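> This is the structure I want to talk about, given as structure tokens.
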Amino acid sequence: MSCTCGAAPLISEVTVLLGISLEKYMLPCQTKAMLGFDCPGCGIQRSIQFLVNGELWQAFKMYPAIYPMIGFFLALLINLIKPKAIPQKGVIFLAFSTITLILANFIYKLFL
């Protein structure tokens, strides 16, 4: 299911016109290659590719922690530029949400 907003097809078309293909830059998971199961970070590269292509739901399905992670890094960046712009409790909540979703997704994939 793709995003129905006007920007998503535009972003996708720009990446195609510029010849940007994230697939050829994706790194294989060494944990999966050596141990045979996904690591906690498996899926983040494909999730970012889905985001670039405007496929927001697919990005979430691939790696559920992608959105709180983006929020967390944006909060850190904003606080770096303007200290205490975002309360510490908000940053901690985003960090906790990100870690919780990463672990929940890892456990889900492990036993699926």
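What follows is calculated from the coordinates using simple rules that are stated; it is not laboratory data. The structure presented is a predicted model; accordingly, all values stated were derived computationally and were not measured. Cβ atoms come from the backbone with ideal geometry, glycine included; neighbour counts cover every protein chain shown.
> In square nanometres and to one decimal, what's the mean projected area of the convex hull around the Cα atoms of region 65-112?
If I average the Cα hull's projected area over directions, I get 3.0 nm².
> Let me ask another. How high is the FRET efficiency between LYS89 and LYS61 when r is their beta carbon distance and R₀ equals 41 Å, given to the nearest 0.05?
0.90
> Now for a separate question. Quick one: Karplus J couplings for region 35-48, per residue in order, coefficients 6.51, -1.76, 1.60, θ = phi - 60°, nearest Hz, x for Gly and Pro?
Result, rounded to whole Hz: 9, x, 9, 5, 8, x, x, 4, x, 5, 5, 5, 5, 5.
> Related question: How would you rank TYR63, TYR108, going from fewest to most other Cβ atoms within 10 Å of each one's own Cβ?
Going from least to most buried by this count: TYR108, TYR63.
> A further question on this structure: Excluding LEU101 itself, calculate the net charge of residues whose Cβ lies under 13 Å from the Cβ of LEU101, where each Lys or Arg counts +1 and each Asp or Glu counts -1.
+2
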